[in-house]
Amino acid sequence: MNENKRTQITDTENFYRKLRAHPVFRVLAILCLLVIVALIVCVMVTGITGSKYFWAFLVLLMVIPLMMYVFLWLARLLSNLYDEKLEKVMEEAEKEAQKDTVENQEEI
């Protein structure tokens, strides 16, 4: 069970390393933070002024971070599935290459 937990942690760490490596993800992260800050400001302003849009901004303030969390979770899940499939394909290619090498050596 410990190895499974280590593998899970390693997969998560690898996913976040990949995210940090791409500048597009950094820009998207900054934009998301700006949107959250803007929503906080809007909630404060509409709450103080008593605007009818207060509840809408409050709901958005809860829904948008949740959507971002779900998006990252799905991206990590799909990334891990893609990595597993890629590993299987690479292993099969290595096995075929080894078989070809053995066959070529037997012919000689």
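Looking across segment 25-79 at every residue that is of a type in the set (Ser, Thr, Tyr) and surrounded by 12 or more Cβ atoms within 10 Å (Cβ to Cβ), the one that is nearest to ASN14 (Cα to Cα) is identified as SER79. Considering each residue of segment 83-98 in turn, none proves to be modelled with pLDDT of 90 or more and within 30 Å of ARG17 (Cα to Cα).
Taking the conditions exactly as written (part of a helix (DSSP H, G or I) and modelled with pLDDT of 75 or more), does LEU60 satisfy them or not? Taking the combined requirement at face value, the residue satisfies it.
Filtering segment 23-41 for residues that are over 25 Å from LEU78 (Cα atoms), touching a Pro at 6+ places or on another chain (Cβ under 8 Å) and modelled with pLDDT under 95 leaves a non-empty set.
The values are calculated or read from the model by the stated rules, or taken from the named source; none is laboratory data. None of these values were measured; they are calculated from a predicted model. Don't worry about glycine lacking a Cβ; one is built from the backbone with ideal geometry, like all the others, and counts go over all protein chains shown.
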